[in-house]
Amino acid sequence: MWYVVQTIGGQEKHVLDLMQKLVEPGLIEESFIPRYEVKKRIKGEWRTSQEVLLPGYIFVVSDKPNKLKVALRDIPKFTRLLSNNDVFVPLNDQEVAFINAFTKPDQRVIEFSSGVIEGDQIVILNGPLMHQTGLIKKIDRHKRLAYLDIEIMGRTKTVKVGLEIVQKRF
């Protein structure tokens, strides 16, 4: 089952490293921080970098959540496993499917997409946003970002992913 560990924003990488060092082997099948690719202009040149998709959250795949809870208490800067009345609530199948649709195991990075605007429609030519145009709520063409509203952990969150509009057709 997939669970979410909440931590301090900006500390995700540090907490993930501590989890991988301090939690006994076999307790966690996979742990990752979902990221997305973005292009930034640095000294007049566009460069690809990675940003955290959901700041403050680390995703953990484990079939032993109670043992995981005990092991995580020893990790500094750990906040908590997201739970409801002390019962860990795993991500539902739709939330897991969403993450798996955009990323691959061992590489949990949403790759850059590109598309065109035809009239007032967005057509994605390649990348993980292909066939997902219904999720796009807003596009920032200058920053090369698409804003998506997704339902995750019982809340609607707005996340950013990389999208370059290569052409505007009329």
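The values are calculated or read from the model by the stated rules, or taken from the named source; none is laboratory data. None of these values were measured; they are calculated from a predicted model. A quick note on method: Cβ atoms are made from the backbone with ideal geometry, for glycine too, and the neighbour counts reach across all protein chains shown. Quick note on the areas: whole protein, heavy atoms, side chains included, nothing else; ligands and nucleic acids left out. Shrake-Rupley method; radii C 1.70, N 1.55, O 1.52, S 1.80 Å.
Kindly list the number of the only condition in (1) in contact with a helix residue (DSSP H, G or I) (Cβ under 6 Å, 6 or more places away or on another chain); (2) surrounded by fewer than 18 Cβ atoms within 10 Å (Cβ to Cβ) that fails for residue 110.
(2)
When region 19-38 is examined, which residues are found to be crowded, with 17+ Cβ neighbours inside 10 Å and either in contact (Cβ under 8 Å) with a residue 60 or more places away in the chain or under 20 Å from residue 140 (Cβ atoms) (or both)?
The initial filter retains those residues of region 19-38 that are crowded, with 17+ Cβ neighbours inside 10 Å, namely 19, 23, 27-28, 31-38.
Those that are crowded, with 17+ Cβ neighbours inside 10 Å and either in contact (Cβ under 8 Å) with a residue 60 or more places away in the chain or under 20 Å from residue 140 (Cβ atoms) (or both): 32, 33, 34, 35, 36, 37, 38.
Show the residue pairs that are 6+ apart or on different chains and have beta-carbon atoms under 7 Å apart, the first residue being within region 143-156 and over 26 Å from residue 46 (Cβ atoms) and modelled with pLDDT of 80 or more, the second being of a type in the set (S, T, N, Q) and part of a strand (DSSP E or B).
149/156; 149/158
Buried (at least 18 other Cβ atoms within 10 Å of the Cβ), acidic (Asp, Glu), closer than 21 Å to residue 129 by Cβ and within 16 Å of the chain's Cα centre (by Cα) - does that describe any residue in region 41-63?
No, because not a single residue in region 41-63 is buried (at least 18 other Cβ atoms within 10 Å of the Cβ), acidic (Asp, Glu), closer than 21 Å to residue 129 by Cβ and within 16 Å of the chain's Cα centre (by Cα).
How many residues are part of a loop (DSSP other than H, G, I, E, B) and either within 15 Å of residue 106 (Cβ to Cβ) or of a type in the set (D, E, K, R) (or both) when one looks only at region 17-54? It would help to see each step written out before you state the result.
First pass over region 17-54, keeping only residues part of a loop (DSSP other than H, G, I, E, B): 23-29, 33-34, 43-44, 53-54.
Retained after the next criterion (residues that are either within 15 Å of residue 106 (Cβ to Cβ) or of a type in the set (D, E, K, R) (or both)): 24, 28-29, 33-34, 43.
Selection size over region 17-54: 6.
Going by the conditions given, is residue 86 open to solvent by 80 Å² or more (accessible area, probe 1.4 Å), of a type in the set (D, E, K, R), at pLDDT below 90 and over 19 Å from residue 32 (Cα atoms)? Can you show your working first?
Numbers: open to solvent by 80 Å² or more (accessible area, probe 1.4 Å): yes; of a type in the set (D, E, K, R): yes; at pLDDT below 90: yes; over 19 Å from residue 32 (Cα atoms): yes.
Yes.
Kindly establish whether residue 120 is under 24 Å from residue 21 (Cβ atoms) and open to solvent by 70 Å² or more (accessible area, probe 1.4 Å). I'd like the intermediate steps shown before the answer.
On the way: under 24 Å from residue 21 (Cβ atoms): no; open to solvent by 70 Å² or more (accessible area, probe 1.4 Å): yes.
So residue 120 fails the test.
Report whether or not residue 104 is open to solvent by 80 Å² or more (accessible area, probe 1.4 Å), within 20 Å of residue 33 (Cβ to Cβ) and either of a type outside the set (A, V, I, L, M, F, W, C) or out of contact with any strand residue (DSSP E or B) (no Cβ under 7 Å at 6 or more places or on another chain) (or both). I'd like the intermediate steps shown before the answer.
Values: open to solvent by 80 Å² or more (accessible area, probe 1.4 Å): yes; within 20 Å of residue 33 (Cβ to Cβ): yes; either of a type outside the set (A, V, I, L, M, F, W, C) or out of contact with any strand residue (DSSP E or B) (no Cβ under 7 Å at 6 or more places or on another chain) (or both): yes.
So residue 104 fits the description; yes.
In region 93-100, is there at least one residue being over 24 Å from residue 49 (Cα atoms) and either surrounded by 12 or more Cβ atoms within 10 Å (Cβ to Cβ) or under 12 Å from the mean Cα position of the chain (by Cα) (or both)? So that I can check it myself, show each step before the final result.
Of all residues in region 93-100, those over 24 Å from residue 49 (Cα atoms) come to 93-97.
If we keep only those that are either surrounded by 12 or more Cβ atoms within 10 Å (Cβ to Cβ) or under 12 Å from the mean Cα position of the chain (by Cα) (or both) as well, we get 95-96.
Yes, the conditions are met somewhere in region 93-100.
Could you list all residues from region 5-18 that are closer than 30 Å to residue 142 by Cβ, among the charged types (D, E, K, R) and open to solvent by 30 Å² or more (accessible area, probe 1.4 Å)?
Selection gives 13 alone.
Give me the strands (runs of 3 or more DSSP E) completely within region 73-170, filtered to those with at least 1 residues that are among the acidic types (Asp, Glu), ordered by residue number. Don't jump to the end; show me each part of the working.
On the way: elements: 78-81, 113-118, 121-126, 136-140, 145-152, 155-169.
Passing ranges, in order: 113-118, 136-140, 145-152, 155-169.
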